[in-house]
Structure formats: C-alpha cells, structure tokens
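Quick one: structure below, then a few questions.
The values are calculated or read from the model by the stated rules, or taken from the named source; none is laboratory data. Just so it is clear, the structure is predicted and the values come from calculations on it, not from any experiment. Positions of Cβ are generated from backbone atoms using ideal geometry, with glycine treated the same way; all protein chains shown enter the neighbour counts.
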Amino acid sequence: MIKLIEKIEGEAKLNFSFEKGLIDFVEIEFLSTRNIEKILQNKNALDALVITPRVCGICNHAHLMASVQALESCYEELELSNRAKITRELTLNFEIIHNHFKWFYLTIMPLMGYKQYLLKATQPSQLMAKAIATIAGQYPHTSYSIVGGVVSDIGMMDLIKVENYIDKTLKFFEQNLVYAKSDEFLECNNSNKLLSKEGDLPNLVNKIKDNGWSNVGKSYDRFIAFGENSYFKKGKSIKTRLTTNIYIDKVQEASNINSYAKNVLYKERYYEVGPLSRAMINKTPLIKDSHRKYGDSILSRILARVCEIPQLLNHSKKLIKQLDLSEPSYIKPKIDISDITALGSSAIEASRGTLIHKVNIKNGIIQKYDIITPTQWNLANGTKESLGVSQKAMIGLENTQLAELSFKSFDVCSVCTTH
Amino acid sequence: MSIKRADKKKEKKELIMQRALELFASKGFYSTTIPDIALSLKMSVGNIYNYFKSKDILAKEIIKYISIYLGNKLKDINEKDISTQEKTRQIVEVYFGVALLKPEMIDYFLRIYLSNREVFQDGCEGMICVNEFVTEIMIYFEEGVECGDLRDQDFFSAFGLFMGYLGGMVFLKGENILPKKLDEYVDDISINIYKALRT
Amino acid sequence: MLSKKLKILWLTAITCNGNTHSFLNYPHLDIFMDTFEFIYHPSIDSAYTLNDIINKEIACDILIIEGSISTEYIKADAPIVDIINKYASKVQKIVTVGTCASFGGMFRESDYKDTTGLHFDKERPTSLFEHIKEKTISLSGCPVHPDIIANTLYSIEKKRAIELDSLLRPKEFFAYTVHNGCTRNEYFEYKIDNHQFGKKEGCMFYDHGCHAPYTHGSCNKILWNEVNSKTRAGLSCMGCTEPTFPKGDFFHTKKNMGIPQYLPFGVAKRTYLTLAGITKAFHIKRLEEDLFDD
C-alpha cells in the first residue's frame, strides 16, 4: 500500500507492506532531486554562501552556516572574532526556534486531530524571522555570514530590539505551549510534572498518552550530533551510553536505488539526529526523564523539539550579554579565497539535526560539494535487514496514520533530502 | 540674453582662451599677464575681466576647454564600430594631430596643468577639469576589456601607460629631439600601446 | 453555504519552498485567511489532498506556481505541466511566485530537461504556456517578499487593474530599484568606494558585487520582515528579482579596468563616469569617517 506523504516541504511516498495486520516493512521514496551539488560545481567558492541556502526554504540559514564554516575550514589560519561567532550562533538559534514552532503547530497538532493553528505557528516564527532580519538583513535566504565573519555591524539599539523579540517569543511560549514561567520549565526535570500543566504541548502529549501511543515510533535508541557550539555538544549516545569521540570522515553516504535521497550512516550504522539526539547528548534532565519513561518514541521526540524553544531563547539571551560590539564583525582573511586549494568540511546543528557540508576547492573554484542533511540520516531508506531510523520507527505499527505520525515526528524535510 | 549674443560671447571666450594658450606657450604661464593677453587681442583689460574674473579662473577654464576639445574627438572614436586596436590607433592619431595643429594645447596640459597643481586646487580637484577627456579614456578601456580585447587591470596602471607614453613623445617633439615627424610614429606607438594593454 | 472566499491553489514545482516560507512571514495572515482559502498549500492545511487536486474537478480562482518548471517534472505521479494546464484554464489569474517560477532562477540549472520559468527562460519568452500568458502575473524574487504576494492577491480579489512591466511584474513593486531607500545611498552618491564588510558605513557597489542599482525591486522601500534589508545590513544585493539571477560571483564587482561593468539602470556609461569623476574629486570628511566618530 502506497501512501503519499504531503506537506513535508514537498512530498515522499511510503510504500507499506503489512503482515498479520501490522506494518512489516516500509519503503521511503523521495520523488525528485534538484542537483544543488552539481549546480555548485565550477562556481566561485563564495557563491556557495548564496546557493546552498536555496537548498531549503525552512532551514536556509543552517545551510549558510554550514557553508561558511566548510569554506573557513579550508584555511590553515583564519581569524574570527568572538562577536562574529556569537552573532552566527544567535541567528542560527532563531532559525531553529522558528522551525520548531512551525513544526509543532503546522504539522504535529493537526496530525493529532487538532485544528491547524496557523497564527500560532506564524506569530512566534515571524518574531524569530524579524530577529534574524535585524541582524542579517532578511529571512529567509540571507547570505550575511561570509568567510571571515559577518557582514553586519549591528548596534546596541539593534540588540535591544532582538532581545525584545526573544522576550516576546518566550511570552508566547508561556501563554500557549506551556502555561508556566519558562524558568520553571527549564528547571523541570520530571516529564510528569510538565504534563500536569496546561498548554498546547502538555495537551497534545497527554492525548498521545491517552491514546496509548506513548511507545509509538521507537527506533534504534542510537543518537548522534556532530555540530558543536556554545550550547550543543558533539557526541553519540547509544541508549544512554555517551561517547564524545566521533569523526566526520566515518560518516558514509550510500546511494539508494529506490529514491533520490542518499542514506547516511556512521560506521555502517544508522543513527537518529535532531533535538532528541541533542538532548540525549547534552543530558537535558527533562528529556532524559522522558527517555527513561518512554524511550525514543514520538512522545520524547516532540518534547525534545519543543523543549529546545525555551532553552535556545534563554541561551540566546545569555549570548547577547556576551556580545562585545567593539570587536570587529569581520576580519578580512589574509589570503584571498581565490588562492586557496583545499578540502574543507563542517558540521552544524540545524533544526532537524546534524548538517554536514564538504567542499573541495581549487584556486577558489568549487570542484566538488557534498551536502548531508539531517533528513538523510533519519529517513534513510534501508533494507529489511538493515532498516533506516524512521523505517524502524514505523515497523510493527497497526496503521498508516500512526506511521505517518512517527514519520513526521522526525520533522521531515523533503527539499533538504532532495538537494 | 539672446541665443545670438550668447553664441557671440562663447566665441569671444574661446578666442581669449586660444590666445592665452599661445602666449602661455611662448612666454610661460607666470610671465603672461591679463594685460598681455588684452594687448595681443586689442581688447581692454576691463573687457577681458568681463569674461574671466581672474587669471586663475582663466587657467581653469582653459583646461576644461582642452578636455572638452579632446574629449569630443575621443567620443567620436569611441562611438565608432571598430576594433579596440583600431580605436587605439585613432586615439594616438588624434592626440598627435592635436599636438601638431594646436601644440599649445598639449603643452598647456603637460607643462602648466600638471606642473602647477596649486593653481588648480580650488575647483579643479582630482580630475574634474579633465573629466570629459578622462571619461572617454575610461570608456575606451572599459569597452576594450568587456569585449575581451584588453587585459583587465587597475585603471591607473593602464591610464599611466597610455598618457605617459603619449606625453613623453610630445615632450620629445617639443624639445626637437625626435628625428621623424610625430605622425610617422602613430603606427608603431599604437601597436606598442595595444600590445601592452591587450589580453 | 458555499464559501465566498477566493480559492487559491498553491502548486510547487522544482523549488526550495523559500517562497512558501517567505509568505508565512506575512504579518496579516489572520485577515488574509478571512478573504482567501487555499484549496492546496505546501504547509497550510487544506480541504483537499494533492491527489484530489490532480484527479478531481475542484473550483479554483487563482493558481500560484512556485518553482521552476520542466516537462520532465512529475508531482504525485502527474506531470506538473498537466496540473498547471488543468487549473490554468479555469482560474482568473495565475501568479508565479519567486524567480524560479518566473524566469527559471536557481533551479534552471537543475538536471531536469529544459527547466524554465512559466513564461520565460531568463529574459527569453517561451512558448509552452503562451495560451495562458494573458492571465499571468510574475512575482520574482528569491524569495519574493510576502507583501508582494499578499497585495497582488488582494488586488486580484478587489478586481483592480495591475500595471505590469514587460516581464509581467507589477510596476508598483518592480519599477523601483533595490538601491532606492538603501541607507548606504550617500556612499554611492558621493562615490566613497572603500567599503569593508562588517561596517555600518560604505557601499557594496564598487567592490563587493552589490546589484541594487540595476535590480528591480522594492526591498529597501517595503523592507524585509518589516525591519531591514540585505543592503542595509551590509550584504550586497544579489539581483535575485532579475531574470539573470543567479549571475554568480556574488561578492565581487565585475570591473573592467576599475570601471564597473554593470551600471545603474538607464544611466549611460558616459554620464555615470562623468558624475563619478566629479564626485570622486572631492573629499567629504563626514562620509570618509566612521559614523560614530566624533
């Protein structure tokens, strides 16, 4: 039975086979490709900063950040101010937050039988877009982060504006998602306590529990995150066993006969990426508690994703306090990129998980560009013997509606997958 | 003022500038006074001041006059549908032609305008007073690069090569050092310039 | 009772969904949704599925197309060209959102055969959809600004005539250049050409590839996300509303012997160089110093 999954920044086909009334296997097929990697070939290296955001309308900023870091890694020596680093982290945080609101209100709530609250998605996501635009000019599709820093020279008054957008977004969170002070939410380490509150998040999660779906969507219980910044840690966690020594060169991309998307593995094993992985690696108490109770289920995934909203808002406020506006935003690289011949790579945490860019440049011209998106990790289309993460999450479920919920709990992005 | 009267005034102005140029060339810039120019034109000194309020103003007007004169000639060449190499030749030809026909013009540009910058500080900043001429040289360069004939480089490195070379030849001519007539050098010099600038 | 709302089909072809997300930044979606209804949208819930759209006869007033188009591109098992033709014949207006749908854009370079915009392959008119051209309005931009989408849809709803340029773009948005309203204009006017990235001061036209003086758009008039623009923030305009997008070499001004190859719209080279020559002769202390210097 084939089901077309829609409104995931494009479409995908799930081809289910049932055995004794339960899903026995599911094939995931993405239906198109746009060849961004090929478009990048023979272009000037800096053009990647304009082209790669066009991989995706919803996580364009993550691609910009991955791209600039991949290019910067081509330099043996490159000076980057703290101000530039913090500014980049801020705008990327805002994109992640913006995405999570959209996902919760546009995708997950309707799947659980609620009306789609369009404005609840757009109000806070617009605030975050404004915060990005204040710093980076516009959202989506800015290229304000360039090799050597960021192009903008924001002032104190701009920062006040950004702080207000953050506060307003936090207030939205407190008045809609969880009726509680966000400080209280951030300190909460007991998912039952959270679920005793009112608000769209506890209401939705309680509905999952009431439906008896708390354990739906479990996969390998293997998590990985390569992106590192002042908030996210790098590492992998198998169940709760954490290792921090992981290497990008052990990430393999394998082509996939049935789909335009390529599968991604780490040392020949599938891993989940995204907010739940990050929370497991960061050892976020609330999510660890949920994981203890419900495992790597849709419930934990939803909690982990929404939980990142106040976490990142709060962390962004701290980052703003660390910004020293007397530092330069941009330090011109000593060597022009047209004199650089090198291999570079980067890994950052995007809304949906680890995003990797790899580049090979010769005298500043792109020879080869590889993009590995989070959805490729989570939505690998494996075989029956070696299931991808989301495939495993759907096996054993009794209907395609639950399968779709499990599938979408990974926050699927078709356009990213089919770059 | 009627059109006729305006035209007449313009003509008279040009006449004064032309005579001043000749006197500057023969007597030197500093030794030539407004009364000298008036005398040579059989005009009253007061009347000259109706046209130019001071010698400095006259000096600036003259450089603009030369720039427009040369600029117009170059504009005609730039607007022709000919190769960059041919344009190069025609520009050299025009420049040497002017040096022959109106040597006082080139002389003024090289010996007075470039050597007495203090006179031209106020009102002739940068290249304002030679704008028409420089603009045409820019267009010649820009179009040459755009069509792939000329090698892209800094404007001044190309401008210096071009003008320095032509100026040098006119200087040698003025010192009576050149064995041949200036126009006999047009072909070789334009080939040299083109070879130096081409891709 | 039948809904009186104007029915819109938002159809995506070869795209990044950037216009979809740009539209979600429209600040007045609440009242917008009182007037319009999406029979299909890439992220807003709709009464119909893609299969319904393709297989059933559904009433529709406006067809929005996002993404470049190729005869090879298949959406939910149907050629995109067939879906477009099916709805194009019944709608009042067709609106292409984004530069891909309008001119081919970034994904003109994708691997699909003959990928173009709906009516243009860059500036060159194409013939495949000639029969529906009179219904079309092109809203270019990568992405297009949400106000441009919403206000164009409102003018269709209010049945007001929209004046279009030769590329079918509403003049009210595209007669301006992106340069209009840029906060860095003084640096352009007076040819202060020492821009450095990371500074409030300076103009990116001279060295850093800013396309704003020769790009049609209202970015600096209506501002992005109601607060800013790329050029105000210090990022060069990439010329994303133009059929020539993406030109490439975005951070570098193409110059021939130091003279910019692309000049402000309608300004002859001679005029530009003459003016530049004059302004460059002067030194304006205020503009040569940092804004906050005493």
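Filter segment C:49-96 down to the residues that are among the aromatic types (Phe, Trp, Tyr) and more than 13 Å from residue C:135 (Cα to Cα) and list them by number.
Taking segment C:49-96 and keeping what is among the aromatic types (Phe, Trp, Tyr), we get C:73, C:87.
Residue satisfying the conditions is C:73 alone.
Which ones in segment B:51-68 are within 26 Å of residue B:144 (Cβ to Cβ) and surrounded by fewer than 17 Cβ atoms within 10 Å (Cβ to Cβ)?
B:68
Condition first: at the interface with chain C (Cβ under 8 Å from one of its Cβ atoms), touching a strand residue (DSSP E or B) at 6+ places or on another chain (Cβ under 7 Å) and crowded, with 20+ Cβ neighbours inside 10 Å. Can you find one or more residues in segment A:61-76 that meet it?
No.
If you go through segment C:35-69 one residue at a time, how many are in contact with a Ser or Thr (Cβ under 7 Å, 6 or more places away or on another chain) and more than 19 Å from residue A:9 (Cβ to Cβ)? Outline the logic, then answer.
Filtering segment C:35-69 for residues in contact with a Ser or Thr (Cβ under 7 Å, 6 or more places away or on another chain) gives C:37-40, C:42-43, C:65-69.
Subset that is more than 19 Å from residue A:9 (Cβ to Cβ): C:37, C:39.
So the count comes out to 2.
Report, by residue number, each residue of segment A:17-47 that is at negative phi, over 26 Å from the mean Cα position of the chain (by Cα) and within 14 Å of another protein chain (Cβ to nearest Cβ).
A:43, A:44 - these are the residues of segment A:17-47 that are at negative phi, over 26 Å from the mean Cα position of the chain (by Cα) and within 14 Å of another protein chain (Cβ to nearest Cβ).
Ok, one more. Determine if segment C:99-120 includes at least one residue that is out of contact with any Leu (no Cβ under 9 Å at 6 or more places or on another chain) and more than 14 Å from chain A (Cβ to nearest Cβ).
To start, the set of residues in segment C:99-120 that are out of contact with any Leu (no Cβ under 9 Å at 6 or more places or on another chain) comprises C:99-100, C:104-113, C:115, C:117.
Of the ones still in play, those that are also more than 14 Å from chain A (Cβ to nearest Cβ) are C:117.
Yes; the residues of segment C:99-120 include at least one that is out of contact with any Leu (no Cβ under 9 Å at 6 or more places or on another chain) and more than 14 Å from chain A (Cβ to nearest Cβ).
Being surrounded by 15 or more Cβ atoms within 10 Å (Cβ to Cβ) and either of a type in the set (D, E, K, R) or not assigned by TED's automatic domain parsing to the domain that holds residue C:153 (or both) is the filter here, so list the residues in segment C:112-121 that pass it.
C:121 - this is the single residue of segment C:112-121 that is surrounded by 15 or more Cβ atoms within 10 Å (Cβ to Cβ) and either of a type in the set (D, E, K, R) or not assigned by TED's automatic domain parsing to the domain that holds residue C:153 (or both).
So if I check each of A:34, A:83, A:54, which one is among the basic types (Lys, Arg) and modelled with pLDDT under 95?
Answer to the selection: A:34.
Just checking, which of B:64, B:13, B:53 is at pLDDT 90 or above and part of a loop (DSSP other than H, G, I, E, B)?
Result: B:53 is the single residue among B:64, B:13, B:53 that is at pLDDT 90 or above and part of a loop (DSSP other than H, G, I, E, B).
Could I ask something else about it? Kindly check whether there is at least one residue in segment C:21-44 that is surrounded by 24 or more Cβ atoms within 10 Å (Cβ to Cβ) and either out of contact with any helix residue (DSSP H, G or I) (no Cβ under 9 Å at 6 or more places or on another chain) or of a type in the set (D, E, K, R) (or both).
no
If you go through segment C:20-35 one residue at a time, how many are within 7 Å of chain A (Cβ to nearest Cβ), among the polar types (S, T, N, Q) and not in a loop (DSSP other than H, G, I, E, B)?
2
Rundown of residues vs (1) surrounded by fewer than 24 Cβ atoms within 10 Å (Cβ to Cβ); (2) touching a residue at least 12 places away in the same chain (Cβ under 8 Å); (3) under 25 Å from the mean Cα position of the chain (by Cα), yes/no style:
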{"position": "A:278", "(1), (2), (3)": "no, yes, yes"}
{"position": "A:288", "(1), (2), (3)": "yes, yes, yes"}
{"position": "A:291", "(1), (2), (3)": "no, yes, yes"}
{"position": "A:297", "(1), (2), (3)": "no, yes, yes"}
{"position": "A:335", "(1), (2), (3)": "yes, yes, no"}
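With respect to the numbered conditions (1) within 12 Å of chain A (Cβ to nearest Cβ); (2) outside any loop (DSSP other than H, G, I, E, B), which one is the sole condition not fulfilled by residue C:44?
(2)
Got a sec? Which strands (runs of 3 or more DSSP E) wholly within segment A:130-244 have at least 2 residues that are hydrophobic (A, V, I, L, M, F, W, C)?
A:222-225
Right, here's the next one. Going residue by residue through segment C:145-155, is there one that turns out to be modelled with pLDDT of 95 or more, surrounded by 16 or more Cβ atoms within 10 Å (Cβ to Cβ) and either in contact with a Lys or Arg (Cβ under 8 Å, 6 or more places away or on another chain) or more than 29 Å from residue C:30 (Cβ to Cβ) (or both)?
No, because not a single residue in segment C:145-155 is modelled with pLDDT of 95 or more, surrounded by 16 or more Cβ atoms within 10 Å (Cβ to Cβ) and either in contact with a Lys or Arg (Cβ under 8 Å, 6 or more places away or on another chain) or more than 29 Å from residue C:30 (Cβ to Cβ) (or both).
Let me ask you something else. Could you tell me which of the residues C:282, C:197 is in contact with a Ser or Thr (Cβ under 8 Å, 6 or more places away or on another chain) and either part of a loop (DSSP other than H, G, I, E, B) or within 30 Å of residue C:152 (Cα to Cα) (or both)?
C:197
Quick grid of which residues meet (1) in the same structural domain as residue B:79 (by TED's automatic domain parsing); (2) in contact with an Asp or Glu (Cβ under 7 Å, 6 or more places away or on another chain); (3) of a type in the set (D, E, K, R); (4) outside any loop (DSSP other than H, G, I, E, B):
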site	(1), (2), (3), (4)
B:107	yes, no, yes, yes
B:110	yes, no, no, yes
B:126	yes, no, no, no
B:139	yes, no, no, yes
B:152	yes, no, yes, no
B:164	yes, no, no, yes
B:167	yes, no, no, yes
B:187	yes, no, yes, yes
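I've got another one for you. Can you pull out every residue in segment C:245-279 that is polar (S, T, N, Q), surrounded by 16 or more Cβ atoms within 10 Å (Cβ to Cβ) and in a loop (DSSP other than H, G, I, E, B)?
Within segment C:245-279, C:253 is the sole residue that qualifies.
Looking at C:181, C:234, C:248 in this structure, which one is free of Cβ contacts under 8 Å to residues at least 24 places away in the same chain, within 30 Å of residue C:19 (Cα to Cα) and touching a Lys or Arg at 6+ places or on another chain (Cβ under 8 Å)?
C:248
May I pose another question? Suppose we keep only residues that are under 16 Å from residue B:198 (Cα atoms), at the interface with chain C (Cβ under 9 Å from one of its Cβ atoms) and among the small types (Gly, Ala, Ser) within segment B:125-176. Which one would you say is surrounded by the fewest Cβ atoms within 10 Å (Cβ to Cβ)?
Step by step, filter segment B:125-176, then rank; the result is B:157.
Right, another one. May I ask you to verify whether residue C:136 is touching a strand residue (DSSP E or B) at 6+ places or on another chain (Cβ under 7 Å), hydroxyl-bearing (Ser, Thr, Tyr) and under 27 Å from residue A:418 (Cα atoms)?
No, not satisfied.
Okay, next question. Does residue B:151 meet the test of being of a type in the set (Lys, Arg) and in contact with a strand residue (DSSP E or B) (Cβ under 9 Å, 6 or more places away or on another chain)?
yes
Okay, moving on. Confirm whether residue B:98 is touching a residue at least 12 places away in the same chain (Cβ under 8 Å), over 15 Å from residue B:192 (Cα atoms), more than 9 Å from every other protein chain (Cβ to nearest Cβ) and surrounded by fewer than 18 Cβ atoms within 10 Å (Cβ to Cβ).
For residue B:98, the condition - touching a residue at least 12 places away in the same chain (Cβ under 8 Å), over 15 Å from residue B:192 (Cα atoms), more than 9 Å from every other protein chain (Cβ to nearest Cβ) and surrounded by fewer than 18 Cβ atoms within 10 Å (Cβ to Cβ) - is not met.
If you scan segment C:71-109, which residues turn out to be among the small types (Gly, Ala, Ser), surrounded by fewer than 24 Cβ atoms within 10 Å (Cβ to Cβ) and closer than 26 Å to residue A:419 by Cβ?
Listed by number, the residues that qualify are C:76, C:78.
Could you list, in sequence order, all residues of segment C:58-91 that are of a type outside the set (Val, Ile, Thr) and closer than 21 Å to residue C:105 by Cβ?
Passing the criteria: C:63, C:66, C:67, C:68, C:70, C:72, C:73, C:75, C:79, C:88.
Which residue is nearest to residue A:35 (Cα to Cα), if the candidates are limited to segment C:47-77 and must be at the interface with chain A (Cβ under 9 Å from one of its Cβ atoms) and either in a helix (DSSP H, G or I) or among the aliphatic types (A, V, I, L, M) (or both)?
C:74
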